[in-house]
Amino acid sequence: MRSISTAEIEKQGWDFVTLALSQSNRIAVTHDGNVEAVILTPSEYAQLIEDQGKAEGLAALRARFDAELASLNEPGAGERLRSIMSEPTKLHGQVKVGDTF
C-alpha cells in the first residue's frame, strides 16, 4: 500500500492525494512514520464490504455445520453411526431429500 505523509499532503494539496488514489486504490496517511489513516476509493471500499459479507456468510455456514456435527462428539456416537451405516437403506420407492433424511 502506498503511503503519503501528512506533510506531503499539506505541501502538495488534495489533488496529490486524488492522483495517488488513481494509481492505487488505497493510501496510508502517515505522521512521524506512523499510519494515522487509510484512504480508500469508493470501489475499494465496496469490495471490502462485499468481502466482509462473504466472510460472515462462511462463518455462519461453518457454525451451522459445527452444530450439526457436534453430536458426533457425544459418547457412543461412533457406535450409533456404525449401526446405522451397517443397515440397508429402505427408500420404499421414494427419494429422500432435505436437511433431515
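Descriptive notes on the structure:
- Selection from region 57-95 of residues that are at pLDDT below 85 and touching a helix residue (DSSP H, G or I) at 6+ places or on another chain (Cβ under 8 Å): 71, 72, 81
- Screening 28, 37, 46 for residues that are of a type outside the set (Asp, Glu), modelled with pLDDT of 90 or more and part of a helix (DSSP H, G or I) leaves exactly one candidate, 46.
- Restricting attention to region 33-67, the residues that are among the charged types (D, E, K, R) and closer than 18 Å to residue 1 by Cβ add up to 3.
- Verdict on residue 99 being within 27 Å of the chain's Cα centre (by Cα), modelled with pLDDT under 85 and of a type outside the set (Lys, Arg): yes
The values are calculated or read from the model by the stated rules, or taken from the named source; none is laboratory data. Quantities reported herein were computed from a predicted structural model and do not represent experimental measurements. All Cβ positions, glycine included, derive from the backbone under ideal geometry; neighbour counts span all protein chains shown.
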